[in-house]
Amino acid sequence: MTRVRYIADSMAEALSAARRNHGMGVRVVHAGARRGGAFSTLSFEVVVEASSRVTQARRAAREALARAVVAARIAADEATASAAAASAPGPASAAVIARLGARLRSQSLPDALVEHVLERVRGEVARADLAEVDAVGRAAALNAVAALLPVSAGVDPVRRGVAGRPWVVAVAGPTGVGKTTTLAKLAAEWRVARGLKVGLVAADAFRVGAFEQLRTYARIIDAPVRAADGRSSAVDALAALSECDVVLVDTPGRSHRDGGRIGEIADLLGALRPDETHLVLPGSASTRTLAESAAAFAAVRPSRIVLSKLDESEGLGALVGAVRTSGVPVSWFTTGQEVPDDIERADARRFAERLLGTVEDGAA
Ligand SMILES: Nc1nc2c(ncn2[C@@H]2O[C@H](COP(=O)(O)OP(=O)(O)OP(=O)(O)O)[C@@H](O)[C@H]2O)c(=O)[nH]1
Ligand SMILES: [Mg+2]
C-alpha cells in the first residue's frame with residue numbers, strides 16, 4: 001500500500017481525481033484544506049491509501065472497456081451499412097442524397113461508411129415533408145457523421161502532491177505531423193490557464209534542433225524541460241520532474257514504414273509508462289498513409305488520437321476511417337500553427353460540420 005495525495009482547487013475535484021484513479025471504494029485517510037505556495041493560496045487535499053497494482057489494473061480495465069465500447073459501436077455501424085436496404089429514395093429526397101453522397105466521397109469517407117450515412121439520412125428524409133427535405137437531410141447527415149467519430153477527452157490533469165506521481169502524457173506519431181506543436185499547446189493550456197506545474201521531456205534530444213524547439217516553448221511558459229536520448233535517460237528525466245503535476249513527453253517522429261524504429265518508441269514508452277499516449281494523425285495525409293500510420297503506430301499502444309492539421313485537410317473522411325480502424329477515441333483537434341490558440345477539445349459534431357462543409361477552416 002502506498003499513500004497518494006491529491007491536491008486540487010476544490011475538495012470535490014481532489015476526491016474525484018482520487019476515485020477516478022483508484023476506484024470509488026478507495027480508502028481516504030485524510031481530507032482537508034491547506035494553504036501553501038508563494039502566494040499562500042488555498043487548496044484542498046485528499047490522501048488515499050492505494051495499491052499501485054490495483055490502480056494499474058483499474059486503469060487498464062478502464063482503457064479496455066473504452067476500446068470495447070468503440071469496437072462495438074464500429075461493428076454495429078458497419079452491420080447497418082452492409083444490411084442497407086435497397087430502398088430507393090423518393091424523388092424529393094433523391095437530390096439531397098445525391099449531393100450528400102458526392103460530398104462524403106469527396107472527403108474520402110470509406111465507401112461502407114458513406115453507405116451507412118446515406119442509409120440513415122434516407123430513412124429520415126423519406127418521412128419529411130417536401131418543404132423540409134433539405135433541412136431534415138442536413139440534420140440527419142450531421143447526426144450520422146458525428147456518430148462515426150469516437151471521441152473521448154483525455155483526463156484533465158489536476159494538481160498533485162509530492163506523494164503522487166505526475167500525470168504523464170506522451171505524444172507519438174509519424175514525422176512532421178505536429179507532435180511538438182501539439183505538446184506545446186497542451187503545455188501552455190495547463191500551465192497558463194490551469195496554473196499547473198508542467199514539466200517537459202524531449203525524448204528525441206539526439207535530433208538536431210529537437211531539444212531547442214521544446215526548450216523555446218518551455219521558456220515561454222516558464223516550465224522545466226529535460227532532454228533524453230534513450231530509454232534510461234528518459235526514465236531519469238521523468239524522475240527529475242517528479243514534483244510536477246503533469247509531464248508531457250515528446251517523442252521523435254517515425255515513418256510509418258519503419259516498424260523497427262516505431263518499436264524503439266514503443267520500448268521507450270514502455271519504460272515511462274505514460275498515463276496517456278496520444279497518437280497524432282494529420283488531416284493533411286492521404287487515406288493510405290493514414291491507414292498505414294494507424295496500423296503501424298498501434299505498436300505504441302495509443303490511448304487517444306489527436307487529429308492535427310484539420311485546417312490543411314482535403315479529406316476528413318480519411319481520418320474517420322483511420323480512427324475507426326485503430327479503435328482509439330479522439331482527444332484533441334489542432335487547426336493551425338499558432339501556439340497555444342489552434343487546439344480544440346475533440347467534438348464529433350463540430351468535426352461533422354467541418355466534413356459536411358458547414359464550418360469553414362479558420363472559422364473555428
Ligand atoms: N497548418 C497546421 N500546421 C501545423 C499544425 N500543427 C503543427 N503544424 C506545423 O507543422 C510543422 C511540424 O510541426 P512539429 O510540431 O514540429 O511536428 P512534429 O510531429 O513534432 O515533427 P517531428 O518531431 O520532426 O516528427 C510545423 O511547421 C508546425 O507549425 C496544425 O494544426 N495546422
Ligand atoms: Mg517534434
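The values are calculated or read from the model by the stated rules, or taken from the named source; none is laboratory data. Nothing here was measured: the structure is a model prediction, and the numbers come from that model. With ideal geometry, Cβ positions are generated from the backbone for all residues, glycine too; neighbour counts draw on all protein chains shown. Quick note on the areas: whole protein, heavy atoms, side chains included, nothing else; ligands and nucleic acids left out. Shrake-Rupley method; radii C 1.70, N 1.55, O 1.52, S 1.80 Å.
Suppose we filter Thr216, Thr181 for residues that are among the polar types (S, T, N, Q) and without any contact (Cβ under 8 Å) to a residue 24 or more places away in the chain; which single one remains? If you could, list the steps in order and put the result at the bottom.
Numbers: Thr181 fails: without any contact (Cβ under 8 Å) to a residue 24 or more places away in the chain.
When all the criteria are applied, what remains is Thr216.
When the stretch 273-282 is limited to residues that are modelled with pLDDT of 95 or more and farther than 12 Å from Arg301 by Cβ, the one that is surrounded by the fewest Cβ atoms within 10 Å (Cβ to Cβ) turns out to be Pro282. Tell me yes or no: at least one residue of the stretch 64-74 is open to solvent by 30 Å² or more (accessible area, probe 1.4 Å), modelled with pLDDT of 65 or more and farther than 30 Å from Val330 by Cβ. Scanning the stretch 64-74, I find no residue that is open to solvent by 30 Å² or more (accessible area, probe 1.4 Å), modelled with pLDDT of 65 or more and farther than 30 Å from Val330 by Cβ, so the answer is no. Among Arg34, Arg58, which is modelled with pLDDT of 75 or more and open to solvent by 60 Å² or more (accessible area, probe 1.4 Å)? Being modelled with pLDDT of 75 or more and open to solvent by 60 Å² or more (accessible area, probe 1.4 Å) holds for just one of Arg34, Arg58, which is Arg34.
Specify which of the listed residues (Asp204, Asp222) is within 14 Å of ligand 1 (Cβ to nearest atom) and without any contact (Cβ under 8 Å) to a residue 60 or more places away in the chain. Break it down into steps so the answer makes sense when it comes.
Working: Asp222 fails: within 14 Å of ligand 1 (Cβ to nearest atom).
After ruling out the rest, the residue left standing is Asp204.
Looking at Ala240, Ala223, just one residue is more than 16 Å from ligand 2 (Cβ to nearest atom) and open to solvent by 30 Å² or more (accessible area, probe 1.4 Å), and that residue is Ala240. Residues in the stretch 247-286 that are among the basic types (Lys, Arg) and either outside the structural domain of Ala237 (by TED's automatic domain parsing) or more than 16 Å from ligand 2 (Cβ to nearest atom) (or both): Arg257, Arg273. Restricting Glu338, Glu353 to those that are open to solvent by 30 Å² or more (accessible area, probe 1.4 Å) and under 24 Å from Tyr217 (Cα atoms) reduces the list to Glu338. Restricting the search to the stretch 180-209, which residues are within 16 Å of ligand 2 (Cβ to nearest atom), surrounded by fewer than 19 Cβ atoms within 10 Å (Cβ to Cβ) and small (Gly, Ala, Ser)? Within the stretch 180-209, Gly209 is the sole residue that qualifies. Among the numbered conditions (1) open to solvent by less than 10 Å² (accessible area, probe 1.4 Å); (2) more than 11 Å from ligand 2 (Cβ to nearest atom); (3) farther than 18 Å from Thr277 by Cα, tell me where Ala170 comes up short. With (1) open to solvent by less than 10 Å² (accessible area, probe 1.4 Å); (2) more than 11 Å from ligand 2 (Cβ to nearest atom); (3) farther than 18 Å from Thr277 by Cα applied to Ala170, the lone miss is (3). Within the stretch 287-307, identify whether any single residue is open to solvent by 20 Å² or more (accessible area, probe 1.4 Å), within 16 Å of ligand 2 (Cβ to nearest atom) and assigned by TED's automatic domain parsing to the domain that holds Gln213, and answer yes or no. No.
Within the stretch 243-272, being open to solvent by 50 Å² or more (accessible area, probe 1.4 Å) and closer than 30 Å to Asp9 by Cα holds for one residue alone: Glu243.
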